[in-house]
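A short worksheet on the structure shown next.
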Amino acid sequence: MAFKCWLLVSIYWLLATGVLAQPLRDDIRKNIRCSANSLMAYPGPQQQRQSPAPKGKRPFYISHYGRYGSCYLSDRKDYETPYRMLATADSASQLTPLGCDVLHRLDQIRHDAINHWGELSDVGSRQHQHIMRRMVEHFPEVFTDTTTVDARSMTTLPCMLSMEYAMIQLSRMCPTVKIHHNATRRDLTYLNQRDKRLELLQKDSAVTAALAIFRRTYTDNNRLMQLLFRDMGYVREYVDDDKLYDGLFLLASNIQNTLMRNQLTLYDLFTDDEIYRNWERDNARWYAAYGPSPVTGGQLPFSQRNLLRKIIEQADSCIRMNRPSVQLRYGSETALLPLICLLELDGYNLSENDLENLDRHGWVCYKIVPMAANIQFIFYRNGPQDDDVLFKVLLNENETGLPLPSNLAPYYHWADFRDYYLKKLDAYEER
């Protein structure tokens, strides 16, 4: 009897750890770029048709927060360090033929990135133009001759350029719309709020220890090092294999964000299992550092409480207007991901102690904040005197769910949203 119980438990565990995680493995196998997580180039909306507007209602206001588009890596060392490691080994005749080939590829990648570190790429500029084009095409009632558009950006170059390319596209499609756009440090108090207490919590020993254990358990560099180097004794003495392994995977992930993606790849250096494990490790890092992890008491999403309050306050103000309006905000993934968790969109407020279980619960970073990720609130009413304002939320241009009752989902009553989230913010700040 005991053996039968053990067998049933074992079968259940295998099903839970294997079958439930398999769809994500399949996703990454079919589209290897998903493994890049937050570095995944914006895939565009999966949902091709919007749900019909509620009866008698028309869209009149859009509130948006978007991450900057595809970029080059911001730190020059990300390009130089892996190259220098292999170049030094090459000068000592320690590279295999594959190692020499990888060195050549790294040289091409670093040359393409020279003096572009941290800059928006051509891929990124097109992403924001396409997002704006679809916004206008899907909700033309919002973009009229009397519409005012207010766009604000963080003061970093990728954010400002993402905003500018979106505004260029908007001006082409709607030349009579009145556009005001700006990038000032004053707006940083809500575009990407800094909270020193929560930032210290991100670096808590319990968080770093959990991630360190996760890395040691799920990362093995030996296979790749043996393919690149002739002598593992040389690797042990002269090569920081963790840094090289991570650096190669970082570059493999980011190539998709530049035009180099049409010329070469580094993904061929990794097995399917290694690619999945690298994704899993990075996914855990994002969850622990910015998500609702119970290790940090689920507090980190509240780092963007100013942003959520601003969204609510500005929506209240625009609802009182008798003309359409649009508010666009351009910032970073370190604000957008906590905001999405704070909003509890599609269960992204998940509380999970075991970092290995995130994929089984659907907490998947590349679905939340790929490059150019965005959240859009689309508001509906039948006229300026309509007190029953409805809205829906788009995450990366796909309709998504909120933890609110509604007989009109994906549409919700603004009054319900406002009441629920202001109480949530007030309760946190009182505590």
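The values are calculated or read from the model by the stated rules, or taken from the named source; none is laboratory data. Computed from a predicted model, the values in this text were never measured in an experiment. In this analysis, Cβ positions are derived from the backbone assuming ideal geometry, glycine residues included, and neighbour counts consider all displayed protein chains. Side chains are part of the model used for accessible areas, which takes the heavy atoms of the whole protein and leaves out ligands, DNA and RNA. Shrake-Rupley method; radii C 1.70, N 1.55, O 1.52, S 1.80 Å.
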* Asked: If you find the alpha carbon centre of segment 186-265 and of segment 41-59, how far apart are they in angstrom?
  -> 36 Å
* Structure fact -> If the chain between Tyr234 and Ile179 were fully extended at 0.36 nm per residue, the gain over the current Cα-Cα distance would be 13.8 nm
* In a shell of Cβ-Cβ distance under 15 Å around Asn262, excluding Asn262 itself, what net charge do Lys and Arg (+1) and Asp and Glu (-1) give? -> +2
* Return the sequence-ordered ³J(HN,Hα) values of segment 367-372 in whole Hz as given by the Karplus equation 6.51 cos²θ - 1.76 cosθ + 1.60 applied to θ = phi - 60°, using x for Gly and Pro. => 8, 9, 10, x, 4, 6
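With Cβ to Cβ distances under 11 Å as the rule, what net charge do the other residues near Ala87 carry (K, R +1; D, E -1)? Spell out each step's value before the answer.
On the way: positive: Arg84, Arg110; negative: Glu80, Asp90, Asp107.
Computed value for this residue: -1.
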* To do: Compute the distance in nm between two label points, each set 7 Å from the Cα along the Cα-to-Cβ direction, one at Asp145 and one at Leu98.
  => 6.6 nm
* Asked: Which entry in (i) 24.6; (ii) 21.0; (iii) 23.4 is this structure's computed Kirkwood radius over Cα pairs in Å?
  -> (iii)
* Rounded tilt (10° steps) of 76-91 against the dominant C-alpha axis of the chain -> 10 degrees
* Structure fact -> Under the Karplus relation with 6.51, -1.76 and 1.60 and θ = phi - 60°, whole-Hz ³J(HN,Hα) for segment 65-70, x at Gly and Pro, equal 9, x, 7, 4, x, 4
* To do: Could you rank His413, His180 by how accessible they are, 1.4 Å probe, largest area first?
  => His180, His413
* Work out how much length Ser205 to Lys243 would gain on full extension: take 0.36 nm times their residue separation and subtract the Cα-Cα distance, in nm to one decimal. => 11.5 nm
* Asked: Where is the GNM fluctuation largest for the chain (alpha-carbon springs, 10 angstrom cutoff): Glu397, Glu141, Glu164?
  -> Glu141
* **Cα gyration tensor shape of segment 373-430, rounded if a/c is under 1.5, else prolate or oblate by comparing a/b with b/c** => oblate
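Suppose a student asked you for the relative contact order of segment 265-418, using Cα pairs under 8 Å spaced at least 6 residues apart; what percent would you report?
Details: 166 pairs, mean separation 30.0, N = 154.
That works out to 19 percent.
Among the lysines in the chain, how many pairs, 8 or more places apart or on different chains, have alpha carbons under 18 Å apart? Don't skip to the answer; put the middle values down first.
On the way: Lys30/Lys367; Lys55/Lys392; Lys57/Lys392; Lys77/Lys243; Lys310/Lys392; Lys310/Lys423; Lys310/Lys424.
Lysine pairs, 8 or more places apart or on different chains, close enough: 7.
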* What nm value, rounded to one decimal, do you get for the distance between Lys423 and Asp195 when each label is placed 7 Å out toward the C-beta? -> 2.0 nm
* Structure fact -> At the level of C-alpha centres, the distance separating segment 142-159 and segment 160-177, in angstrom, is 8 Å
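Using R₀ = 22 Å, calculate the FRET efficiency as 1/(1 + (r/R₀)^6) where r is the Cβ-Cβ separation of Arg431 and Arg186; round to 0.05. Walk me through the numbers on the way to the answer.
Details: r = 28 Å, r/R0 = 1.28.
With R0 = 22 Å, the Cβ-Cβ based efficiency is 0.20.
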* Virtual spin-label span in nm between Leu259 and Ser51, 7 Å along Cα→Cβ -> 4.2 nm
* On a C-alpha basis, how far is the centre of segment 397-429 from the centre of segment 66-92 in Å? Whole number, if you could? => 42 Å
* Whole-Hz ³J(HN,Hα) from phi, Karplus 6.51 cos²θ - 1.76 cosθ + 1.60, for segment 332-348, glycine and proline x -> 10, 5, 6, 9, 5, 4, x, 4, 4, 5, 5, 6, 6, 5, 6, x, 6
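What length, rounded to one decimal in nm, is gained on full extension from Asp416 through to Ile114, with 0.36 nm per residue of separation minus their alpha-carbon distance? Let's see the in-between values first.
Numbers: separation 302, 0.36 × 302 = 108.72 nm, distance 5.05 nm.
That works out to 103.7 nm of additional length.
Of all DSSP beta bridges in the chain, what percent run antiparallel (nearest 5)?
Values: 22 of 41 bridges.
Expressed as a percentage, antiparallel bridges in the chain total about 55.
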